Amino acid sequence: MVIDGLRWDFIAGPIGKTAMPLTSDILTNDHGCLIQAKLQAPTVTMPRIKAMMTGTVPNFVDVILNFGSKPLHRDNLLSQAKAHGYKLIFYGDETWLSLFPNIFDRHDGTTSFFVTDFTEVDNNVTRHIQDELNNDDWDMMILHYLGLDHIGHIEGPFGPSIKPKLQEMDKIVAQIAQKVQDWNGDGEPTLFIVCGDHGIKDSGGHGGSTPEETTVPIITVGGTMCVYEDTELKIPIKVQQLDIAVTLSAALGLPIPSTSLGSVFLDYIYNLQDDKRLFLLNYNSRQLFDHFQKFTNETEHIYQKYLNITDLHLDWLNSNETQRDRNDIVNIALSYHAILDAMKEELVTSHLVIYDFSLIIILLYIFFQMVFIAFHVETTVWTTRKNTVFFFLVGFSLCLGLYLYTFGNITSLCPSLKALLFLLIIGVSYINYNLNLNNKRNIIKNINLNIENIC
């Protein structure tokens, strides 16, 4: 259940205690876990959905595409679930239906276009819940509520409509949580997750990188345990939003999405058997280390730590059960989590961020060059060069389209895309040079003609 615009303090702050008392009771009575999730800009819905389902970091290009979502071809949790025979249903923000057009067996989309709609946009989701909770023919249900986000845009996070909307969400969370607890009590393992896709800044709206926009809650109901950073004070653990994809993949017994940069936190909410817990962490570590080797040069010290952990893991597997110390399990698991976090942090903050900024600079340069061509060149001169521009841009568009069709996303073709953009820079700069040169020649020609007329 995604609640669009659900800030961290809407659950963990004072307003959460008063506006969402049923959810607070679930957490207080250890019937659910509260986890703090951090996310990266851009804090808009479509990139956040991609992050949760693929485990990757969206880039600024996704902001441009946010209002025209195309089908997602990158490996993701939902396509893996569909391929393995799971039946999926969806109700809520139609962005999901644009990204995953052939995934859901039943669905009903709502539009985010009417931002002044605080009520019907959510009622159209809620009206399906009771019927679906009574059905037993689905494996995964996704709900995406938009009303809270609409209020955040119009009134801000402290507006008069915020508390009633949180109370409405509170009742829905409690309704589903009770059913999940019943299912688990009847021997049907079920996990219910409530999260925000992004927050809302204090002045209203979102899209930036303030803590209020990049810190959201994750509530899990149906797990068998709850791990805290500080057990005595019940300080929640911290994860990345992109960890959701790998964690749900593990919970459903699915392969981790191939491009995922996330680290699993399933053992923070489930009391897994020791061998299964270490296997899962080892599998995730191997998958993430493959990305780490491709995208960074700082692999030697990480590789050595990775070898040390796997050696300890192997020694534990080869030991007799009577010789196994519980502390060894804890230490190996903590070491796996530490190396996963280190690799993830390096991947998220270095290669992908640098790629974004370099691409921004390249595109800005091209933009200003094109503006110069369009507005600062005489029409007659432009006419003589328009075929050059036309055929170059057509060729570039065809090349870019071919790469996007082949790879399905922009991030995975970083080197090729930069090479194409570099060619475009050369082409546009060359055109500008010739246009300026022709302008100067025309000026000199006109001066000579004027001199001849005077003489």
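Laboratory data are not the source of any read-out in this text; all were calculated from the coordinates shown. All values reported here derive from a predicted model rather than from experimental measurement. All Cβ positions, glycine included, derive from the backbone under ideal geometry; neighbour counts span all protein chains shown.
Listed values, structure above:
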{"item": "Cβ-defined net charge surrounding residue 153, 13 Å radius [Lys, Arg +1; Asp, Glu -1]", "result": "-3"}
{"item": "FRET efficiency for residue 28 and residue 371, using Cβ-Cβ distance with R0 set to 51 Å, rounded to 0.05", "result": "0.30"}
{"item": "Gained length - residue 334 relative to residue 73, 0.36 nm times residue gap less alpha-carbon distance", "result": "90.5 nm"}
{"item": "Protection-proxy order for peptides 238-244, 17-23, 278-284, 326-332, each taking the mean of Cβ atoms within 10 Å per residue, highest first", "result": "238-244, 278-284, 17-23, 326-332"}
{"item": "Using a Förster distance of 51 Å, the FRET efficiency for residue 154-residue 315 (Cβ separation, nearest 0.05)", "result": "0.30"}
{"item": "At 1.306 mPa s and 10 °C, Stokes D of region 145-294 from Kirkwood alpha-carbon radius, µm² per second", "result": "90"}
{"item": "Extension gain (nm, one decimal) between residue 209 and residue 345, 0.36 nm per residue minus Cα-Cα", "result": "47.3 nm"}
{"item": "Assigned charges on the beta-carbon of Lys, Arg, Asp, Glu; region 2-267 dipole about Cα centre (debye)", "result": "540"}
{"item": "Virtual spin-label span in nm between residue 131 and residue 305, 7 Å along Cα→Cβ", "result": "5.1"}
{"item": "Label-to-label distance, nm, for residues given as residue 231 and residue 324 (7 Å Cα→Cβ offset)", "result": "2.0"}
{"item": "Sum of side-chain charges, residue 174 neighbourhood, beta-carbon under 14 Å (Lys, Arg +1; Asp, Glu -1)", "result": "-2"}
{"item": "Length added when fully stretched, residue 183-residue 84, from 0.36 nm per residue minus Cα-Cα", "result": "33.4 nm"}
{"item": "Residue order, fewest to most beta carbons within 10 Å, for 112, 263", "result": "112, 263"}
{"item": "Burial ordering of 334, 143, fewest other beta-carbon atoms within 10 Å first", "result": "334, 143"}
